[in-house]
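Enquirer: My questions all concern the structure below.
The values are calculated or read from the model by the stated rules, or taken from the named source; none is laboratory data. These figures come from a predicted structure and were not determined experimentally. For neighbour counting, all protein chains shown are included, and Cβ atoms are generated from backbone atoms with ideal geometry for every residue, glycine included.
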Amino acid sequence: MAELTATVHTSAGGHLLVLAGDLDFRHTAYLREVLGELELGPGQQLIVDMSALTFCDSSGITVLVVARNRALAAHAGVALAALPDRVARIFEVAGLDQVFSLYSSPEAASEAWTRSAG
């Protein structure tokens, strides 16, 4: 089991959160803490780069849904980027590909956000 790491890069447009390792019940408190420290304002976006994620269970999904709801309440957006195939499959089966905006890369997510705001 891989430890979860979360690296945040902040810009005027929002935050890029890079996750690596296992997003499971053992690490949700850590991720909630990281997400709780991120301020999002109207028009900003949180992009979650999941390219280095090795596993995601239902508790990890719950944390991401809560982050999405918090962002929407702040009139901000959330996008998930570069989901590994095994994680993308979980999101598809659960119907979460209809809830989250999914992109092939953080750059694609950022470009789509910029286009929609323009």
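Enquirer: Is there a residue being in contact with a helix residue (DSSP H, G or I) (Cβ under 6 Å, 6 or more places away or on another chain) and among the hydrophobic types (A, V, I, L, M, F, W, C) anywhere in the stretch 95-116?
Expert: No: the stretch 95-116 contains no residue that is in contact with a helix residue (DSSP H, G or I) (Cβ under 6 Å, 6 or more places away or on another chain) and among the hydrophobic types (A, V, I, L, M, F, W, C).
Enquirer: While we're on this one: Go through the stretch 38-76 and count every residue that is among the polar types (S, T, N, Q) and under 16 Å from L96 (Cβ atoms).
Expert: Summing the residues that are among the polar types (S, T, N, Q) and under 16 Å from L96 (Cβ atoms) in the stretch 38-76 gives 4.
Yes or no, residue by residue, for (1) of a type outside the set (S, T, N, Q); (2) at pLDDT 95 or above; (3) closer than 19 Å to M1 by Cβ:
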residue: S11; (1), (2), (3): no, no, no
residue: H15; (1), (2), (3): yes, yes, no
residue: L35; (1), (2), (3): yes, yes, no
residue: I47; (1), (2), (3): yes, yes, no
residue: V63; (1), (2), (3): yes, yes, yes
residue: L83; (1), (2), (3): yes, yes, no
residue: A94; (1), (2), (3): yes, no, no
residue: D97; (1), (2), (3): yes, no, no
residue: A112; (1), (2), (3): yes, no, no
